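The values are calculated or read from the model by the stated rules, or taken from the named source; none is laboratory data. All figures in this text were calculated on a predicted structure; none of them were measured in a lab. Virtual Cβ from ideal backbone geometry, glycine too; neighbours counted across all protein chains shown.
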Amino acid sequence: MEKWDPIGVKNSPEAADEYDGYRARIMQLLREEASPARIADFLDAAVQGMGLNPRRDSDLVVAELLVRWYPDSIARWKPGRSAP
């Protein structure tokens with residue numbers, strides 16, 4: 001929510017779970033090693049589904065951040081490593 005907040009609710013504690021419904025698909029795309037462009041396509045479609053105009057540039061930036069973050073996140077949980 002810090003990086004992707006198309007409806008602008010990140011400062012509303014009652015909206016902390018607002019985007020949880022998108023998490024499973026994003027994780028699936030990351031496991032599939034989807035490109036940032038493909039993840040941005042999903043984010044764009046989600047924004048359109050909210051009745052808003054997608055912001056391709058910012059959605060692509062978020063997708064690139066996710067693609068860079070994912071391998072490091074997985075590596076932290078490999079057997080033999082202690083959890084953070």
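Yes/no per residue for (1) more than 12 Å from TRP4 (Cα to Cα); (2) part of a helix (DSSP H, G or I); (3) out of contact with any Phe, Trp or Tyr (no Cβ under 9 Å at 6 or more places or on another chain); (4) touching a residue at least 12 places away in the same chain (Cβ under 8 Å):
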position	(1), (2), (3), (4)
ALA40	no, yes, yes, yes
GLN48	yes, yes, yes, no
ASP59	no, yes, no, yes
VAL62	no, yes, no, yes
Failed condition for ARG81, given (1) at pLDDT 95 or above; (2) exposed (fewer than 10 other Cβ atoms within 10 Å of the Cβ); (3) more than 15 Å from LYS3 (Cβ to Cβ): (1)
Hits in the stretch 1-39 - residues which are hydrophobic (A, V, I, L, M, F, W, C) and more than 15 Å from TYR70 (Cα to Cα): MET1, TRP4, ILE7, VAL9, ALA15, ALA16, ALA37
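Every residue in the stretch 1-36 that is of a type in the set (A, V, I, L, M, F, W, C) and either in a loop (DSSP other than H, G, I, E, B) or surrounded by 15 or more Cβ atoms within 10 Å (Cβ to Cβ) (or both), please. So that I can check it myself, show each step before the final result.
Step one: filter the stretch 1-36 for residues of a type in the set (A, V, I, L, M, F, W, C), giving 1, 4, 7, 9, 15-16, 24, 26-27, 29-30, 34.
Hits for the stretch 1-36 are MET1, TRP4, ILE7, VAL9, ALA16, ILE26, LEU29, LEU30, ALA34.
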